[in-house]
Amino acid sequence: MGRTILDKLWAEHTVAELGDATSLLYIDRIFLHERTGSVALKGLEAAGRRVRHPEQVFCTMDHIVDTTAGRTDDTRMPGGRDFITSTRASARAAGITLFDLGDDRQGIVHVVSPEQGIALPGVTLVCPDSHTCTLGGLGALAWGIGSTEGEHALATKTLAVRKPKSMRIRFEGALPPRVYAKDLILHLISRFGASGGAGYAIEFAGSAVRALPVEARLTLCNMAVEFGAWTGIVAPDELTFDYVRGRPFAPGPDQWEQAVAHWRTLPSDPDAVFDWELEVDCSQLAPQITWGTSPQQGTGIDARVPDPATETDANRRQSAERALQYMGLRPGIPLAGLPISAAFIGSCTNSRLSDLREAAGVLRGRHVASGVRAICVPGSSLVKKAAEAEGLDQVFRDAGFEWRESGCSMCFYAGGESFGLEERVVTSTNRNFENRQGPRTRSHLASPATVAASAIAGALADVRELPPRV
Amino acid sequence: MEKFTTLTAIAAPLLRINIDTDAIIPSREMKRVSKEGLSEGLFAGWRYQAPGSREENPDFILNREPYRRARILLSGINFGCGSSREHAVWALHEWGVRAVIAPSFGAIFQGNCVRNGIVPVVLDNLTVESLARQVERDPEGNQVTVDLVQCLVIAPDATGHGFQLPTADREMLLEGLDSIAVTLKLDDEILAFRDRDRTRRPWIYLPSSP
Ligand code: SF4
């Protein structure tokens, strides 16, 4: 019987079988950040244990650091400075590679990891951060863990993991114009629920996925965790190899051929059997927008706020009612046209160069509606530089956007900044949870293009109605 | 880690679906590089009247007697979804929770529970709702038992509901094991794997930093 990519990577990394479908897996790369990594490093120190193979461990400052110009170790969050200085001290003591403030390589962990060639096809990579599944977009087996598991991985270079079930989701058909990987994944979650992928490692496949550039595949896999999955993965192909080649920590010229030959063996065999298969037609998909406080509460931008009364499941109905109350929405009103007070482009979901280009394409020659606060936070300092080199920063600034230093920023509160009480925000991030972006802030998730179009309109907007300008 | 064998306690029904770790402990409540001092921030967005305040919201279940003394939570599907923050589990533990019973859990949260002495018990939705109804009739008298030795939840009406836990997780909880020490018993195998792998996938092995 053929094997899935999960089967192959699992077998290749198994150090020992522990029974009950659990394996001790070898972990190739570990990434940390100052919020949860700091606790892991400190815990390890306190237990008198050492980091095994510090050369394979990386750390960045992204979650708590300030993202305004001229930033220092000080943050607007009380106590934030300690996370930064403690992480720096622990990282130095452990001898791991740190992408610190002021280093061009600094940025959001899941943006830096592929950018630097740390995440590669076929590697196992863990990080005490739930969006580590992003790296599945390169064909890595990557998943989020807690801080205690982080200590385990640091000390032993392994993790004991129960093998998840396998699911393949085929996205078929050509994506309509102005519909992106973000819309694919939001659609999937709204259709099958925020725990639709629970217990599974998901391979994203199909013609629409094969056609996606690598950065878009990262976006797709980023929200596998919002689908409840253990992780997501896209089989590596020529696009992946082209993306990886020449990156700082990627295999050099003397090892390149050997690595690529190995990577070509990884995709699922044609006769591989999955525990579950789904197919989604993308050819008619509209840009997506969420209306509630769970990523599953979403729909097309041309739809109306659904009526909870039509929900047959009592739990889902109650959750929809609560969500509408929190979001300040009534059933039946059109989503497009709902006034917003802020727009945010950033996060590990959608802050790479291609995302900024798409948003800039919408913004060029236009201006944000009055009264709307608009913010763009590039995913890494290198993304920021590259964007500036092609003049995108000017497009954003001319349109009335703030142009920030790289970090997680207002994807959530930890930097100490947040959106206001009951403010409606359209955002390219991944979580619309209650209070996530600020106390009682009402977040609507969407693609960067939809965020840009909405910022201009001053209301949730259908980007398809706004012709791009070159 | 503290061992868990069996527990009979007040259970608090919090029957919402998709309770995420941002709700269990908001970012703004994670103020120090520490696993301690987090219980005050537990469910802060729901537990207190206004953001940042410490004035209790009397409607929130964990603010009410006798639920203030609950050791078991009953909840809806996908409990602990979202952010990987182990702080959610540290906060629950420090507040006093030792078991959560729900139809499903966020995967990372579930792993974090067993590493911190909290039993994540999976029972179907109907059973959780039936437990909740019994508890609500008399929360003090109708206590719930979580027996990890037999993998059984015993409802106030004395019916037993079997549950499953991965063997390794169950042992870790029962024995209060340090997982790193357990793994390091296999150190010879880890080192042998690494040496074999180094010739198979040499590009993985980066040179040691200077
Ligand atoms: S950008 Fe947001 S979701 Fe991504 S790692 Fe940072 S805080 Fe988490």
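Taken together, the values in this text are just the output of simple stated rules run on the coordinates, not laboratory data. Quick caveat, the model's predicted, so the values are computed rather than measured. Neighbour counts are summed over all protein chains in view; Cβ atoms, including those assigned to glycine, are modelled from backbone coordinates with ideal geometry.
Condition (residue is under 29 Å from A:Pro236 (Cα atoms), away from chain B (no Cβ under 14 Å), among the hydroxyl-bearing types (Ser, Thr, Tyr) and within 22 Å of the chain's Cα centre (by Cα)) applied to the stretch A:158-175: is it met by at least one residue?
Checking the stretch A:158-175: at least one residue is under 29 Å from A:Pro236 (Cα atoms), away from chain B (no Cβ under 14 Å), among the hydroxyl-bearing types (Ser, Thr, Tyr) and within 22 Å of the chain's Cα centre (by Cα).
Could you please find all residues in the stretch A:420-433 being within 14 Å of another protein chain (Cβ to nearest Cβ), within 14 Å of the ligand (Cβ to nearest atom) and out of contact with any Cys (no Cβ under 7 Å at 6 or more places or on another chain)?
Within the stretch A:420-433, A:Asn430, A:Arg431, A:Asn432, A:Phe433 qualify.
I'd like to check something: does the stretch A:123-138 contain any residue that is away from the ligand (no atom under 16 Å from the Cβ) and at positive phi?
No - not one qualifying residue is present in the stretch A:123-138.
Considering the stretch A:70-87 alone, what residues qualify as being facing chain B (nearest Cβ under 9 Å) and in contact (Cβ under 8 Å) with a residue 40 or more places away in the chain?
A:Met77, A:Pro78, A:Gly80, A:Phe83, A:Ser86, A:Thr87
Go through the stretch B:154-210 and count every residue that is of a type outside the set (S, T, N, Q) and more than 9 Å from every other protein chain (Cβ to nearest Cβ).
26
Mind checking which residues of the stretch B:1-23 are within 11 Å of another protein chain (Cβ to nearest Cβ), β-branched (Val, Ile, Thr) and outside any loop (DSSP other than H, G, I, E, B)?
B:Thr21
What number of residues in the stretch A:30-39 are away from the ligand (no atom under 15 Å from the Cβ) and closer than 22 Å to A:Pro114 by Cβ?
Step one: list which residues in the stretch A:30-39 are away from the ligand (no atom under 15 Å from the Cβ), which gives A:30, A:39.
Remaining after also requiring closer than 22 Å to A:Pro114 by Cβ: A:30.
Result for the stretch A:30-39: 1.
Of the residues A:Ala414, A:Ala374, A:Ala452, only one is under 17 Å from A:Asn350 (Cβ atoms) and in a helix (DSSP H, G or I); which?
Working: A:Ala414 fails: under 17 Å from A:Asn350 (Cβ atoms); A:Ala374 fails: in a helix (DSSP H, G or I).
The match here is A:Ala452.
Name the residues in the stretch B:88-146 that are of a type in the set (D, E, K, R) and either touching a residue at least 24 places away in the same chain (Cβ under 8 Å) or assigned to a loop (DSSP other than H, G, I, E, B) (or both), would you?
Correct list: B:Glu94, B:Arg98, B:Arg115, B:Asp124, B:Glu129, B:Glu136, B:Asp138, B:Glu140.
Please pick out the residue among A:Arg436, A:Arg397, A:Arg442 that is in contact (Cβ under 8 Å) with a residue 12 or more places away in the chain, among the basic types (Lys, Arg), farther than 23 Å from A:Val179 by Cβ and away from the ligand (no atom under 16 Å from the Cβ).
A:Arg442
Within the stretch A:147-157, how many residues are at the interface with chain B (Cβ under 9 Å from one of its Cβ atoms) and touching a residue at least 40 places away in the same chain (Cβ under 8 Å)? Don't jump to the end; show me each part of the working.
Just the residues of the stretch A:147-157 that are at the interface with chain B (Cβ under 9 Å from one of its Cβ atoms), to begin with: A:147-152, A:155-157.
Next, only the ones that are touching a residue at least 40 places away in the same chain (Cβ under 8 Å) stay: A:147-148, A:150-151, A:155-157.
So the count comes out to 7.
Might you let me know whether the stretch B:177-185 holds any residue that is over 24 Å from the mean Cα position of the chain (by Cα) and hydrophobic (A, V, I, L, M, F, W, C)?
yes
Out of (1) over 23 Å from B:Gly82 (Cα atoms); (2) not in a helix (DSSP H, G or I), what's the single condition that is false for A:Ala386?
(2)
Among the listed residues A:Arg191, A:Arg247, which satisfies the condition of being surrounded by fewer than 21 Cβ atoms within 10 Å (Cβ to Cβ) and not in a loop (DSSP other than H, G, I, E, B)?
A:Arg191
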